[in-house]
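Heads up, the thing below is written out as structure tokens.
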Amino acid sequence: MHSDESDKPRTDDWSPVLKIIARDRDRQAFARLFDHFAPKIKSYGMMLKSQHTSAQMAEELVQDVMIKVWLKAHCFDSEKASASTWIFTIARNCRTDFIRKANRINTSLTADDLWPMAEEEEPFTSLHQRRIEKNIHTAVAQLPAEQADVLKRIYIDGKSHSEVSAATGLPLGTVKSRVRLAVSKLRTIV
Amino acid sequence: MNHFHPDIHWLTEYAAGNLPMSQALCIAAHISFCSECRQQVEQLNSLGGMMLASHDTKINGSDITVDMPTADTHISESLRSQTFNLLNNEDLLTGSPGITSVSSANDEPNNTEAALPRCLSKLIPSGTDQLEWKSLGSALSVARLATGDTQREVALHKIKAGGSVGNHDHKGREVTVVLTGSFSDQHGQYLPGDFLVKDSGESHRPIASEDADCICLSVLEAPVKFTGPIARLINPFLRIHTAAS
């Protein structure tokens, strides 16, 4: 809370807004966050169309994710992750649970069992992770377009490597090597 | 320290949320043992955060432009106001199952035995001893887990200490994570947390170490077919090899 980053604020840095939401239950702050992230989350949810559901699911996903953000804002820890990363993980888990329900998969497992919240991690991780977060932003902006495109299909459109290959006509090996190149490049930068 | 890890593609698909739940469960189990991969997953999550953040903006020459709402991104006023209205019912919301499952992540499973990964605690609520084990021979038994996956068989396999499973090949891909004990095959010895993928056509002959039963989580895309004439036949040479290791 006291830590006002000495570094230059990033344009995508919504951490202070999330902290205000957690501390003051500030609805105007929430509205700003909503207007920024809701379109992205809707687009993120559009792949649910292909999972035997309607486009309406994408809007339900927006609502679910944003409500969770409101309710769990106090769990957000800017030392561990950026606001976008935190919201991405919530959106991913919600989308997984949507697919599970839409396909009537009968199990007690939920997405939160599959992606455990990082709580028991090593003490040095968060500091390290914070530095990574800062650099990854720059790194992503520098990725060659064809690598960024493959990553977008995987992360946003929710396509597996082989589905990306089928959709683009690229050989699976090419898809894999683009992922590998992108990730290893990020690693050299962070 | 684990020696057998999921590769970067498995970890990326996991972080992106693209794996079937049963396979994601295997990665979750692995990273509960492996801090190295856990850190990689955190990086890959950050990458997801950046992809989301930069999603409708211009990335390095791609032709997606800002501020052009399409059907895919348009947020109607009714969705907006509906969501804000829900904030008034916070008490109601926190009572919903989706939310409570989050906060209950801290609850310790009432497992008496040594540390099963937490991701398995719902499927195995009272320890592996309480599961319904079915014998598949003198050394091997299996207990199915209810993940609801209709295309894959998700199960724990238990090899008795010193026991051999017999040579088998795989009609479909099999993912295995060692949970307790250890076993070896022609490629090496696998300790708790180790993650292996056997593709269709590959065969191996797992042998548990002498000191303890070995329990593995496994996800099979199609039934395994035993190739040896007698599956429970134990190769004496391999047995000596395991005992010596």
In region A:139-190, how many are more than 10 Å from chain B (Cβ to nearest Cβ) and in contact (Cβ under 8 Å) with a residue 40 or more places away in the chain?
2
Residue among A:Arg104, A:Arg23, A:Arg27, A:Arg92 that alone is within 19 Å of A:Asp157 (Cα to Cα) and either modelled with pLDDT of 90 or more or over 18 Å from the mean Cα position of the chain (by Cα) (or both):
A:Arg92
Flag for B:Ile124 being at pLDDT 90 or above and among the β-branched types (Val, Ile, Thr):
yes
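Condition check ((1) closer than 18 Å to B:Lys122 by Cα; (2) modelled with pLDDT of 90 or more; (3) among the hydrophobic types (A, V, I, L, M, F, W, C)) across all residues:
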site: B:Ser22; (1), (2), (3): yes, yes, no
site: B:Leu25; (1), (2), (3): yes, yes, yes
site: B:Ser32; (1), (2), (3): yes, yes, no
site: B:Val41; (1), (2), (3): no, yes, yes
site: B:Leu47; (1), (2), (3): no, yes, yes
Looking only at region B:1-58, count every residue that is within 14 Å of B:Gly193 (Cβ to Cβ) and more than 9 Å from every other protein chain (Cβ to nearest Cβ) and tell me the total.
13
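On the given criteria, is A:Val140 modelled with pLDDT of 95 or more and either crowded, with 19+ Cβ neighbours inside 10 Å or on the phi > 0 side of the Ramachandran plot (or both)? Spell out the reasoning first.
Details: modelled with pLDDT of 95 or more: no; either crowded, with 19+ Cβ neighbours inside 10 Å or on the phi > 0 side of the Ramachandran plot (or both): yes.
No, not satisfied.
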Across region B:185-196, what is the total count of residues that are free of Cβ contacts under 8 Å to residues at least 60 places away in the same chain and within 20 Å of the chain's Cα centre (by Cα)?
1
For region B:118-132, pairs from a residue that is within 13 Å of chain A (Cβ to nearest Cβ) and of a type in the set (Val, Ile, Thr) to a residue that is surrounded by 18 or more Cβ atoms within 10 Å (Cβ to Cβ) and part of a loop (DSSP other than H, G, I, E, B), with Cβ under 7 Å and 6 or more apart or across chains, are B:Ile124/B:Leu116; B:Ile124/B:Leu131
Do we find a residue being assigned to a loop (DSSP other than H, G, I, E, B), closer than 24 Å to A:Glu163 by Cβ and either in contact with a Phe, Trp or Tyr (Cβ under 9 Å, 6 or more places away or on another chain) or more than 9 Å from chain B (Cβ to nearest Cβ) (or both) anywhere in region A:54-68?
yes
From the set of residues in region A:92-114 that are among the hydrophobic types (A, V, I, L, M, F, W, C) and within 7 Å of chain B (Cβ to nearest Cβ), which is farthest from B:Arg152 (Cα to Cα)?
A:Leu114
Given the residues A:Phe98, A:Phe76, which is the only one that is under 24 Å from B:Asn89 (Cα atoms), assigned by TED's automatic domain parsing to the domain that holds A:Asp24, under 14 Å from the mean Cα position of the chain (by Cα) and modelled with pLDDT of 85 or more?
A:Phe76
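The values are calculated or read from the model by the stated rules, or taken from the named source; none is laboratory data. Values in this document were obtained by computation on a predicted structure and should not be read as measured data. Note that we place each Cβ from the backbone using ideal geometry, even for glycine, and neighbour counts take in every protein chain shown.
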